[in-house]
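The values are calculated or read from the model by the stated rules, or taken from the named source; none is laboratory data. These numbers come from a predicted model, not from an experiment. Backbone-built Cβ (ideal geometry, glycine too); neighbour counts: all protein chains shown.
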Amino acid sequence: MKRFDTPYITDWFAISLRWLALVGITLLLGLSESLTINILLPLGGLILWNLAMTTLAALSVRLSYHRILSFVIDVVLAGAFYLLQGGLEGPAKWVGILPIMTGAVYFEFFGGLIAAVLMTLLTVMRFESISSYSFDFSTKAIPSAVVMIGAGVLFGFIGRLLVSDLRKSRSHFFESTDKKHRVENERMRAIYELTSALSTTLNYKRVLDSALDIGFSALNPNEENPDTMDPDLVGAVLLFKGGELRIGSARRFTNADLRVTFEGNEGILKRIFDAGDPILTDNVGYDPELGRVVAIRNCTSAYCFPLRSGFNLYGALIFAHKDPKYFTPDRCDLLDIIGRQSVVAIQNARLYQDLVEEKERMMEIHDEARKKLARDLHDGPTQSVAAMAMRLNLTKRMLGKDVKMAMEEVIKLEEMAHRTTKEIRHMLFTLRPLVLESQGLTAALKQMADKMKETYSQNVAINVDENTAFQLEIGKQGVLFYIAEEAVNNARKHAQAPLISVNLRMVETGIAMLEIADNGLGFDVAAMSQNYENRANSSLGMVNLKERAELVSGLLHIDSAPGKGARIQVYVPLSEEASDRLHHGRR
């Protein structure tokens, strides 16, 4: 026996014809009161045989030599029944039609004709075996044989037409199925290739284009030509930039549509951003925001997917179509897969872009640090060394004229050398404070204050909560030290403040605050921030403070006004939960 994927229609035709014949035979025998034990045996055999054939057909199973075996058994059982029920004189003399129909179904014209010949021979044999002729051979057997042969020819011809149609239908069915499988396989291959490109590329524009290409390939209903896209399907990827949604990539949008921006505060966009789940709508053309796009305004149904990962919201993926029933559950499931993969790809591209920007920013910071070091060396130790060289030359000339004055110059040179040494040591300390690594942030800040007093006579007050400093990681301690040193140094140079205070304390659970305050000249924060964009060759102190605060996921706040001093506050989260609370509280 063999199992097949689909049932054979011819088997069901043969089974159905048998049941019809068996029902008719049973009714005739019942009405004529001819149901004897001898007749019931072959009739029961026919019924059991057809039940077995029905079971095999339901399981799509066929026997070896299935057609031949079915035909032979039908001939044998029908012939036995024909003989036992009385031949041409019996009430069911037309039972010979059963094997004729089976032969016609399985073997077409010749099958029906062979079955008719066999049943005709059986009739003749039955007639010859009767010892007392109770009826005329010419009036009974010959007409019966003619009818039987005619039925064989008729059913054979009908069987040929029927089987031919069945074969065409079956062939068409398999061709259609194969075509669908080929189209589906081709589509899956294209989606796989595009998905691979989507997951491997780090180019932002290519990620967006690939997301739309995958969507169009998955939604394309054209089975004849999968490369031909549906002209009524439109799509777009919207991305947040500068607080508003802009079109990152689109298909079948006009040039005017590509310039449209969205706030995401109304309609479908607001719903998907608030709920975080995709939405299927059948009136997208009337949406208050998306309806402004001509390409979408002409559509009826749309499927919108939010591009979100955790707390990060990147934008939305939108597909729209004129057909209100276009987005079936299968298509929506495909778009869900594409949307989730797009989120991962966009997140990877964003992270890569952030790394590139961070690398460039670090290079700028290092370049600025080198420039600052060069400026400090030029303005401090270099000038002092040049002055000492000039005084040494003057002292050398005075030695031969006035030894006392020369001695005074030597004393001044010694003081200048000590002061220059202190400046160099202070610079080395700010570049790498070893005490920070060995004794912690509090000791490093206090040593920085001492060196400010010793080198520049600048008063710096340090007030550090030891419990707060203890909870800070060593990396965060280093960043806070450099923020404090940068702010104190800026105040020393520009604020002319008699006193600079540095405070570190816990403002709430999990959030520490570093505050640098002075009572100096102060400045206009807004004007200073605007001027930094045009000060390529100037100090970038405020920019450095902000960037260093971002290194520890912190927030920088500067409060100052002319004549009122300045207050710089850096809020530093000590945990991931505190970081989310800090930044969401800020927004």
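Within region 434-464, which residues are among the polar types (S, T, N, Q) and not in a helix (DSSP H, G or I)?
Scanning region 434-464 gives Ser457, Gln458, Asn459, Asn463.
Pick from region 508-521 the residues that are in a loop (DSSP other than H, G, I, E, B) and touching a helix residue (DSSP H, G or I) at 6+ places or on another chain (Cβ under 7 Å): which of them is farthest from Gly565 (Cα to Cα)?
Looking at residues that are in a loop (DSSP other than H, G, I, E, B) and touching a helix residue (DSSP H, G or I) at 6+ places or on another chain (Cβ under 7 Å), I get Gly510.
Are there any strands (runs of 3 or more DSSP E) wholly within region 272-333 with 2 or more residues that are among the polar types (S, T, N, Q) and under 26 Å from Val207 (Cα atoms), and if so which?
301-309
Can you tell me which of Tyr286, Tyr326, Tyr314 is in the same structural domain as Ser210 (by TED's automatic domain parsing) and touching a Leu at 6+ places or on another chain (Cβ under 6 Å)?
Tyr314
Mind listing whichever residues of region 429-449 are at pLDDT 70 or above and exposed (fewer than 13 other Cβ atoms within 10 Å of the Cβ)? Write out each step before concluding.
Initially, region 429-449 is screened for residues at pLDDT 70 or above, giving 435-449.
Glu437, Ser438 - these are the residues of region 429-449 that are at pLDDT 70 or above and exposed (fewer than 13 other Cβ atoms within 10 Å of the Cβ).
If you scan region 522-551, which residues turn out to be in a loop (DSSP other than H, G, I, E, B) and modelled with pLDDT of 75 or more?
Residues satisfying the conditions are Gly522, Phe523, Asp524.
Between Leu351, Leu313, Leu317, Leu355, which is buried (at least 18 other Cβ atoms within 10 Å of the Cβ) and of a type in the set (A, V, I, L, M)?
Values: Leu351 fails: buried (at least 18 other Cβ atoms within 10 Å of the Cβ); Leu313 fails: buried (at least 18 other Cβ atoms within 10 Å of the Cβ); Leu355 fails: buried (at least 18 other Cβ atoms within 10 Å of the Cβ).
After ruling out the rest, the residue left standing is Leu317.
Criterion first (of a type outside the set (A, V, I, L, M), modelled with pLDDT under 75, on the phi < 0 side of the Ramachandran plot and assigned by TED's automatic domain parsing to the domain that holds Leu40) does Ser70 satisfy it?
Judged against the criteria, Ser70 is not a match.
Any residue at all in region 467-486 that's over 30 Å from Arg581 (Cβ atoms) and of a type in the set (Val, Ile, Thr)? Can you show your working first?
Of region 467-486, the ones over 30 Å from Arg581 (Cβ atoms) are none.
Checked region 467-486: no residue is over 30 Å from Arg581 (Cβ atoms) and of a type in the set (Val, Ile, Thr).
Tell me, yes or no, whether region 271-282 has at least one residue that is crowded, with 18+ Cβ neighbours inside 10 Å and within 22 Å of Tyr192 (Cβ to Cβ).
Checked region 271-282: no residue is crowded, with 18+ Cβ neighbours inside 10 Å and within 22 Å of Tyr192 (Cβ to Cβ).
Could you list, in sequence order, all residues of region 398-423 that are basic (Lys, Arg) and surrounded by fewer than 11 Cβ atoms within 10 Å (Cβ to Cβ)?
Lys401, Lys404
When only residues in region 244-259 that are assigned to a helix (DSSP H, G or I) and either touching an Asp or Glu at 6+ places or on another chain (Cβ under 7 Å) or of a type outside the set (A, V, I, L, M, F, W, C) (or both) count, which is farthest from Gly215 (Cα to Cα)?
Asn255
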